[in-house]
1. Do you know which residues across region B:379-396 are part of a loop (DSSP other than H, G, I, E, B) and either more than 13 Å from chain A (Cβ to nearest Cβ) or within 10 Å of B:LEU363 (Cα to Cα) (or both)?
2. Which residues, taken from region B:323-346, are more than 10 Å from chain A (Cβ to nearest Cβ) and in a strand (DSSP E or B)?
3. Output the qualifying pairs, or none if there are none: Cβ atoms under 8 angstrom, residues six or more apart or on different chains, first residue in region A:133-149 and within 14 Å of another protein chain (Cβ to nearest Cβ), second residue surrounded by 14 or more Cβ atoms within 10 Å (Cβ to Cβ) and assigned to a strand (DSSP E or B).
4. If you check B:GLY238 against the conditions, is it away from chain A (no Cβ under 14 Å), at pLDDT below 95 and on the phi > 0 side of the Ramachandran plot?
5. Given the condition surrounded by 21 or more Cβ atoms within 10 Å (Cβ to Cβ), within 30 Å of A:LYS224 (Cβ to Cβ) and in contact with a Ser or Thr (Cβ under 7 Å, 6 or more places away or on another chain), answer yes or no: does some residue in region B:160-169 qualify?
6. May I ask you to list the residues in region A:177-234 that are β-branched (Val, Ile, Thr) and more than 9 Å from every other protein chain (Cβ to nearest Cβ)?
7. Residue under question is B:GLY294, and the condition is that it be within 11 Å of chain A (Cβ to nearest Cβ) and either over 28 Å from A:PHE147 (Cβ atoms) or surrounded by fewer than 22 Cβ atoms within 10 Å (Cβ to Cβ) (or both); does it hold?
Amino acid sequence: MSSRTRVLTCLVMLAAVIGFAGCKKKSAAGNTTPPGMNGPTPTAQLTATPNTITAGDQVVLSWRTTDATSVSIDGIGDVPSSGVKTVTPTESTSYHLLARGDGGTADATARVTVNQPQNAVAVPNNMDEGNLTEEQRFKQNVQDIFFDYDSYDVRGDAQATMSKSAAYLAQNPNIKVLIGGYCDERGSNEYNLTLGQSRADSAKKALIQAGVSPDRIRTISYGKEKPFCTESTEECWQQNRRAGFTIDR
Amino acid sequence: MIAPLIKLPRILPGFLLASLLFLIPSSELRAQDWVRTGSGLNNNPIRLAAADMKPVGNDPQMPELKNVFDATLYGDLSASGVFDMVSKSMAPTVTPGSPQEINLTQWSAAPANASMVALGSINVTGGRITLSGWLVDAKTPGNPPILGKQYGDSASTDNARAIAHRFADDIIAQLTGTRGIAETKIFFVSARSGTKEVWVMDYDGQNQHVVTHGGPSLSPRVSPDNTRLAYSSLGREGWSIRMYSLELGRFVSFPCGVPGGSNFSPAWSADGGKIAFSSSRSGDPEIWTCDASGGNARKLTSFRGPDVSPTWNPKTGGQIAWVSGRTGLPQIYIMDADGGNVTRMTDGGYAISPSWSPNGQFLTFSWNRKYGPGAPGGQDIYVMDIASLRWSQLTHDSGSNDFPTWSPDNRHIVFERAIGGHTSIWTMLADGTDQHQLTRSGKDFMPNWSWK
């Protein structure tokens with residue numbers, strides 16, 4: 001086959017493919033508005049990451065709906081049509097999302113298993129509550145920072161967060177920090193693990209520069225092995241390009 | 001031997017054909033597609049017929065064992081990439097049990113047109129399977145058989161399969177001078193049980209079972225003598241390189257893989273004496289080497305930015321290719337095994353996961369040439385001729401492809417392909433043809449082909 005013939009053949013095929021796609025689109029649009037319905041049926045997705053935690057740890061709920069006029073999550077109340085929310089369940093919980101729209105309802109469920117800390121039995125109750133409070137105060141003061149695509153430089157908008165973190169750590173000299181480096185789902189596992197390591201190390205350097213002693217800080221890369229959310233969207237990717245801080249016990 | 005040019009995939013599912021057709025002109029015009037594999041692929045393939053084995057005895061296990069054997073032998077010879085196989089529908093329906101029983105003209109004439117015939121008999125008696133296998137030249141009657149060999153083991157479908165693999169590799173070695181891959185294994189990572197662990201399977205996807213416990217574990221690399229497995233595992237203190245003895249079925253000490261920082265992506269030198277890996281113990285992820293016994297740690301790179309995924313030149317042991325993010329997006333580099341003579345191999349995009357061909361001539365790696373936010377580029381498998389830097393794209397418009405590894409015969413590549421959230425292990429010939437899916441769990445990653 002000469003290249004001219006092949007190009008022509010391909011143009012014909014291309015036209016056929018486009019034509020076919022065009023037809024398909026029309027019939028699909030027809031199907032989504034069946035007679036007698038007021039609108040398309042809503043869809044709903046809900047994920048909880050991680051889905052197994054120890055009491056006191058945080059879980060990120062991430063949801064997405066389409067064609068819904070009102071969305072609610074049991075125990076949380078009305079929420080936007082899609083979003084991300086951090087929760088701290090103290091016992092195993094099934095989060096149930098209900099999306100109502102003109103075309104009907106859709107629901108989605110995400111189960112979180114909460115394990116009690118191993119020393120919970122031996123430790124008196126008031127001490128347990130004290131731990132929880134420390135954990136919560138830590139979370140309020142030492143917040144995650146986010147990174148640009150394929151970058152491990154601490155961004156300008158993270159400087160204030162890091163200063164606040166360093167100040168809190170200066171006031172609480174007994175707290176040690178574990179910094180986790182995370183990446184979005186794109187690219188190779190191995191390369192992302194090193195990128196996550198570099199992100200955690202950048203955050204560590206920023207804390208050291210702000211006066212925190214290096215021997216209080218430990219870093220681990222999670223690469224893209226432990227994503228906070230799993231959608232292929234820029235919002236989710238940004239959520240995952242982070243350095244996350246926890247108390248290192 | 002002059003190897004053929006790499007050709008575009010010739011075997012395409014019909015439903016993909018329409019969407020791929022209009023891509024062919026631009027691909028064919030690409031000058032870089034002039035890469036030779038040096039593997040003899042498509043170089044006057046031998047027309048070979050595999051006769052069904054003649055059953056001897058009437059053991060109740062016979063029909064099953066014979067079916068497994070016949071199908072495995074045919075599959076191995078087809079997958080080898082060096083034969084033009086006579087399809088079973090074209091072959092005579094007779095089952096000659098020995099060279100004395102074969103009517104050669106029946107096989108050399110149309111429609112079979114076979115140049116060579118593999119034949120034999122299978123005997124199942126007293127819980128044992130005995131296979132007498134021959135290879136004969138169909139075009140020159142009167143010549144002695146090219147190969148005649150007996151194989152035996154206890155009677156089981158696994159052993160019927162294993163004997164077929166041995167017979168196939170003997171045939172391939174006899175006719176090409178290079179042993180086939182039918183007896184090789186593929187190690188990989190699977191999350192099918194919840195946690196990412198190292199699994200192993202036969203080269204054709206059969207016989208999948210778990211190897212490690214206590215993960216998550218990543219980046220398995222089997223030693224050249226098949227006795228040890230190095231991989232990266234996450235524990236409380238972070239990522240370490242762990243060493244698992246496949247002979248002892250337990251961990252063995254590897255002191256070099258533990259101290260400080262994150263340790264990823266081990267790689268064996270071809271003599272089994274050294275491990276290269278990525279470690280951030282000095283503050284930044286760099287390439288390190290140490291002895292396979294776990295001593296003598298040495299840092300090879302010193303540059304800000306991630307350095308990871310090393311692979312040794314298996315032919316010379318004198319060079320290492322790896323991935324570096326020193327200039328931004330990850331690129332493939334080559335250096336001497338002492339860290340000198342750093343050369344960048346890729347000219348842009350997002351290039352990762354190199355594997356060095358057994359003959360030393362080629363790299364295969366995963367490349368997204370149009371990477372960037374919003375860019376529509378695909379992550380595809382490429383082969384690059386190291387001397388000329390010319391490259392060829394092996395996968396096209398089929399998901400996101402990563403972790404290519406060469407087979408020991410230099411003719412095949414195993415890789416990871418993700419489509420719609422399902423990741424599977426695939427193989428193909430080193431020219432991109434004959435793509436086969438090996439795993440079906442949808443959660444399989446990072447394949448590594450055994451050295452023998």
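The values are calculated or read from the model by the stated rules, or taken from the named source; none is laboratory data. The structure displayed is predicted, hence computed values, not measured ones. Here the Cβ is made from the backbone with ideal geometry for all residues, glycine too, and neighbour counts use every protein chain on show.
1. Across region B:379-396, the qualifying residues are B:ILE386, B:ALA387, B:SER388, B:LEU389, B:ARG390, B:LEU394, B:THR395, B:HIS396.
2. Step one: list which residues in region B:323-346 are more than 10 Å from chain A (Cβ to nearest Cβ), which gives B:326-327, B:331-346.
Hits for region B:323-346 are B:GLN331, B:ILE332, B:TYR333, B:ILE334, B:MET335, B:ASP336, B:THR343, B:ARG344.
3. Matching pairs, first to second residue: A:PHE147/A:ARG242; A:PHE147/A:ALA243.
4. Judged against the criteria, B:GLY238 is not a match.
5. no
6. Residues satisfying the conditions are A:VAL177, A:ILE179, A:ILE208, A:VAL212, A:ILE217, A:THR233.
7. On the way: within 11 Å of chain A (Cβ to nearest Cβ): no; either over 28 Å from A:PHE147 (Cβ atoms) or surrounded by fewer than 22 Cβ atoms within 10 Å (Cβ to Cβ) (or both): yes.
Taking the combined requirement at face value, the residue does not satisfy it.
Yes or no, residue by residue, for (1) farther than 22 Å from A:LEU193 by Cβ; (2) crowded, with 19+ Cβ neighbours inside 10 Å:
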| residue | (1), (2) |
| --- | --- |
| B:ILE381 | no, yes |
| B:SER388 | yes, no |
| B:THR405 | no, yes |
| B:ALA430 | yes, yes |
| B:ASP444 | no, yes |
